[in-house]
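Peer 1: Right, I'll just put the structure down here and ask away after.
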Amino acid sequence: MKKVFIAGGGTGGHFYPAVSVANELINYGYQIVYFGTKKGIESKKDFPASEKYLFDIEGVRGRSPKNAVKSALKLLKTALFIRSLIKKEKPEFVLCFGGYSSLPLGLAAALSNVPLFLHEQNSIPSYTNKLLSLFAKKIFITFEVSKNYFPKNKTVLTGLPLRQELLKDLKISQEKAREIIGIPDKKTVLVFGGSQGSKVLSENAIKLAQKRKDLQFILIGGKNFKKPDNLPENIKYFDFYDRMGILYSASDIVISRSGAASTYEILAAGKPAVFIPYPYAASDHQYHNVKWLEEKGLCHIIRENQLTLETLQEKIDDLLSKNIQKEIKSLYIPDSAEKIIKEIFDELDRV
């Protein structure tokens, strides 16, 4: 059976697109070998692979010189180990989804002369993908703006592969979705802060719900927010919800951070959104993930240091007054996983 080596983890933004493409490759008869880290989401979630290697590695960026050297040596040692696996198991190609967890596999592929392919989720690439792009056959991107950072002759806009479960739940009617989660049939605002949650977004959602009894709110608090004892009656609260498609279907608009996965899910759902980018994201990539969408008049962006209840209300009311769902959804690229696989097969046929 033909094998593929895949890396991508740390956060859901790297992990879930890798899962989506891996599932498609299995349908084509490939055996998947997956590489990740012991500290990332991949240590807690299943990956559709026959073999799974999790390494005790960390990124280099932002560390003290001493710790950066230690991390770099661990990454190099891991790359050499993977190189020996490549020699033994002979994968047909390697596919990396960015982040430091992808670096050892990408370097091992380059050292072994195995075809390397990359997917970049964010508008501004990670240092890992910038480096590995020197050796890659093709780079697949989520947002058009990323073409500015990679060689244009081998960069392809494919969008972001989304989970099939989410896409299926997006087809549920708004009325049915509201019935499933137990909220009244009225204008609904979904608020969440990505996989880690956001104290700032959660606190503002609660204050807003207290003022706007005409709106229903769905709030995902996440890890970084302690649920208050007395929530307004017009808030449906979850610490975590694993079927985001239902929540998108139930809502009219969204208030969220602007990580690549959240942004792309919102496009797929066709929901107007107020984005509040995480201010400490590397290279301010969360802002750039949605800047192009704001330029088209299809979302609002509020910088966290400019966030007030008045501004938030103003942006919400503006979005509720518009009929832009179809325009937003038209920017979503469907079947991203299949597009990536077709591009890979086309490239391999040229070899």
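Peer 1: Looking at S133 and the list (1) among the hydroxyl-bearing types (S, T, Y); (2) in contact with a Pro (Cβ under 9 Å, 6 or more places away or on another chain); (3) surrounded by fewer than 20 Cβ atoms within 10 Å (Cβ to Cβ), which single condition is not satisfied?
Peer 2: (3)
Peer 1: Looking at region 16-26 only, could you name the residues that are within 20 Å of E265 (Cβ to Cβ) and either free of Cβ contacts under 8 Å to residues at least 60 places away in the same chain or of a type in the set (G, A, S) (or both)? Write out each step before concluding.
Peer 2: As a first pass, look at region 16-26 and keep what is within 20 Å of E265 (Cβ to Cβ): 16-24.
Within region 16-26, A18, S20, A22 meet the criteria.
Peer 1: Show the residue pairs meeting these rules: Cβ distance below 8 Å; 6+ apart or different chains; first residue within region 266-277 and touching a residue at least 24 places away in the same chain (Cβ under 8 Å); second residue basic (K, R) and in a helix (DSSP H, G or I).
Peer 2: What qualifies is L267/K329; A268/K329; A269/K329; G270/K326; G270/K329; V274/K315.
Peer 1: Right, something else. Could you please find all residues in region 289-337 being in contact (Cβ under 8 Å) with a residue 60 or more places away in the chain and either acidic (D, E) or assigned to a loop (DSSP other than H, G, I, E, B) (or both)?
Peer 2: Residues satisfying the conditions are E304, L307, L331, Y332, I333, P334.
Peer 1: Out of the residues in region 113-128 that are crowded, with 24+ Cβ neighbours inside 10 Å and under 28 Å from G29 (Cβ atoms), state the one that is farthest from the chain's Cα centre (by Cα).
Peer 2: The residue in question is L116.
Peer 1: Oh, and also: Does region 1-12 include one or more residues that are of a type in the set (D, E, K, R) and either touching a Gly at 6+ places or on another chain (Cβ under 8 Å) or not in a loop (DSSP other than H, G, I, E, B) (or both)?
Peer 2: yes
Peer 1: Given A110, A49, which one is in contact with a Phe, Trp or Tyr (Cβ under 7 Å, 6 or more places away or on another chain), surrounded by 18 or more Cβ atoms within 10 Å (Cβ to Cβ) and either over 16 Å from Y34 (Cα atoms) or among the basic types (K, R) (or both)?
Peer 2: Numbers: A49 fails: either over 16 Å from Y34 (Cα atoms) or among the basic types (K, R) (or both).
The unique qualifying residue is A110.
Peer 1: Mind checking whether some residue in region 236-252 is among the β-branched types (V, I, T), closer than 17 Å to I316 by Cα and modelled with pLDDT of 95 or more? Reasoning before the result, please.
Peer 2: We begin by selecting, within region 236-252, every residue among the β-branched types (V, I, T); these are 246.
Still in the list and also closer than 17 Å to I316 by Cα: none.
No: region 236-252 contains no residue that is among the β-branched types (V, I, T), closer than 17 Å to I316 by Cα and modelled with pLDDT of 95 or more.
Peer 1: Something else: Any idea which of G36, G29, G12 is touching a residue at least 12 places away in the same chain (Cβ under 8 Å), surrounded by fewer than 16 Cβ atoms within 10 Å (Cβ to Cβ) and out of contact with any His (no Cβ under 6 Å at 6 or more places or on another chain)?
Peer 2: Values: G36 fails: surrounded by fewer than 16 Cβ atoms within 10 Å (Cβ to Cβ); G12 fails: surrounded by fewer than 16 Cβ atoms within 10 Å (Cβ to Cβ).
Only one candidate qualifies: G29.
The values are calculated or read from the model by the stated rules, or taken from the named source; none is laboratory data. Please read all numbers here as calculations on a predicted model, not as lab measurements. All Cβ positions, even for glycine, are placed from backbone atoms using ideal geometry, and neighbour counts span all protein chains on display.
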